[in-house]
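What follows is calculated from the coordinates using simple rules that are stated; it is not laboratory data. These numbers were taken from a predicted model, which means no experiment stands behind them. A quick note on method: Cβ atoms are made from the backbone with ideal geometry, for glycine too, and the neighbour counts reach across all protein chains shown.
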């Protein structure tokens, strides 16, 4: 599976990572190399196999739908690059 | 008298209880060693004040007869565990000066048992790597060197490379690690120490910076099987804050280790002897390991794990896919780095922050994972990989159902390589984890025990793999191997 420059540009935007134009081609060939190597999985017949959905054979526990923590916005926002009155500040979203 | 930094955890516990030395003296001896060997770059953030404070508190508890299982034991905490009030970096620039306002469950458990934190140990960025070369805080240097090229610096392995180097260089009596595809076992092998990846679900993942949630597991790294058993007992336990944490009792792991291997059946998987790849030297060490277990009374049988060769490829879909989702949280909004210029919108901020904050390997894996999960490719990659993963888990289950108690393999296909050995092809680097990844995909416990030195004088470990939640048998077999191997070699750094 070989990725072209435009596909890499698209994935990079989906992942929200700026990739400069001059790095798209080298990255495409690197990622294609990894994907080519992964192609070997096609050799395995998995037509009758269920995908693994749980590593340990256990049922996920239920818990009460109740608030058990919180009430300290200043601690929650203490690491924010920009915040005010317990809210996170971000650049303008709506024009 | 043995130097304080040369003690095992078990010996140090006895010495503290007898009053031969204090926890403060023990901490100071390690803090001095950390300064003397700062060049190894094993710690990102040393925490000497906190160490002395906690050590003094341990001395007070010992005096009152209230010592916990890890009371007064100085350890390194991999910088992937969130520590309340102490910067936690995950080896990445994107976390900036993140200071968690909470404590991870595993570290909390260790503090409750009396352990003393010396500092936060270096690691590959977001635990993605097998060399420690991807840390944003510089590479860790392996305290071991080759006899034929003693000046050449070697990697400690990864991702728990700082933890492994710290324990091997006597800069901590033990350390925490995390293992997603081999990140405890491979550096333990490269640094000549003992490291255990417990069964998935044995230790809580709460408060550990997430890489691949269905694979990540915390575990102990130390200089003996007994020490690993002591630490695991303190780290493990059910935690309601992690829904995948298993509600199973924590046995006294130390009680199991001296039971010997008489009557145990040890599986030797033939697929771990690939026709190309495994060096004759590593194969010889593996054969010696089989002999040691046989001499101790175990029976070895050849087994087949037919899907082994596909494990690495499946892993490099599953792990990056989960990582791309987990690492979406680093967006410059709630914590860590933010890169934004005048007039930028929200998307510009996301894209610039993530471009500046993540290193090359992390970006590569996020992009692979994003692609594998993107519309039209999910079935071909992620679903396919999870199906192959089911087959790999079934291979192990069949072997254990057929009467195998524990499986013996090499931990790594080679000993530590040089820092300046350029590995330009990512896939070549990934091959380091060829023997450890299958265990991770199946969620099984895996222990690496140092067994021998290679011709170049470097440590090489063997791996023991057990049934789910049967760390006891793994540790028992590990102890038998440890006794027979009598591995007492030390890094040259510590001589003279």
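Data table
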{"quantity": "Cα gyration tensor shape of segment B:173-329, rounded if a/c is under 1.5, else prolate or oblate by comparing a/b with b/c", "calculated": "oblate"}
{"quantity": "Rounded FRET efficiency, nearest 0.05, which uses the C-beta distance separating residue B:348 from residue A:22 and R0 of 22 Å", "calculated": "0.65"}
{"quantity": "Convex hull volume of segment B:294-433 per residue (C-alpha atoms, cubic angstrom)", "calculated": "183 Å³"}
{"quantity": "√(5λ) per eigenvalue of the Cα gyration tensor, chain A, largest first, Å", "calculated": "39, 31, 10"}
{"quantity": "Most to least packed among B:13-22, B:218-227, A:18-27 [average Cβ atoms within 10 Å]", "calculated": "B:218-227, B:13-22, A:18-27"}
{"quantity": "P(r) tail fraction, segment B:1-45 - alpha-carbon pairs more than 14 Å apart, %", "calculated": "52 percent"}
{"quantity": "Average beta-carbon neighbours from other chains, 10 Å sphere, peptide B:376-388", "calculated": "4"}
{"quantity": "Mean separation of Cα contacts under 8 Å (6+ apart) over length of chain A, as relative contact order %", "calculated": "21 percent"}
{"quantity": "In range of the label at residue B:250: residues from segment B:1-15 whose backbone nitrogen is under 18 Å from the point 7 Å along Cα→Cβ", "calculated": "B:9-10, B:13"}
{"quantity": "Highest to lowest packing among A:74-83, B:205-214, scored as the average C-beta count within 10 Å", "calculated": "B:205-214, A:74-83"}
{"quantity": "Average partner coverage of A:80-93, which counts Cβ from other chains inside 10 Å", "calculated": "4"}
{"quantity": "Normalised contact order of chain B, rounded percent, pairs of Cα under 8 Å and 6 or more residues apart", "calculated": "18 percent"}
{"quantity": "Stretchable slack from residue B:259 to residue B:456, in nm (0.36 nm times residue separation minus alpha-carbon distance)", "calculated": "67.5 nm"}
{"quantity": "Segment B:84-188: C-alpha gyration tensor shape, a/c 1.5 cut-off, then a/b vs b/c", "calculated": "prolate"}
{"quantity": "Cα gyration tensor, segment B:374-427 - rounded (a/c under 1.5), prolate or oblate", "calculated": "oblate"}
{"quantity": "Virtual spin-label span in nm between residue B:356 and residue B:84, 7 Å along Cα→Cβ", "calculated": "3.3 nm"}
{"quantity": "Debye intensity ratio I(q)/I(0), log10, chain B, q values 0.06, 0.07, 0.08, 0.13 Å⁻¹ (C-alpha model)", "calculated": "-0.24, -0.33, -0.44, -1.21"}
{"quantity": "The protein assembly as shown - convex hull of alpha carbons, volume per residue in Å³", "calculated": "166 Å³"}
{"quantity": "Protection proxy ranking, peptides B:232-243, B:133-144, B:433-444, B:311-322, average beta carbon neighbours within 10 Å, highest first", "calculated": "B:433-444, B:311-322, B:133-144, B:232-243"}
{"quantity": "Helix-only CD estimate at 222 nm, as mean residue ellipticity for chain A, using -39500 (n - 2.57) per DSSP H run (n ≥ 4)", "calculated": "-10000 deg cm²/dmol"}
{"quantity": "Over chain B: helical MRE at 222 nm, DSSP H runs n ≥ 4 each giving -39500 (n - 2.57), nearest 500", "calculated": "-11000 deg cm²/dmol"}
{"quantity": "Distance in nm between pseudo-label sites at residue B:281 and residue A:66 (7 Å out along the Cβ direction from Cα)", "calculated": "6.1 nm"}
{"quantity": "Projected label distance in nm at residue B:328 and residue A:2, using a 7 Å step from Cα toward the beta-carbon", "calculated": "3.2 nm"}
{"quantity": "Average partner coverage of B:307-315, which counts Cβ from other chains inside 10 Å", "calculated": "3"}
{"quantity": "Spherically averaged projected area of segment B:124-168 from its Cα convex hull (nm²)", "calculated": "3.0 nm²"}
{"quantity": "Chain lengthening between residue B:6 and residue B:301 when straightened (0.36 nm per residue, less Cα-Cα)", "calculated": "102.4 nm"}
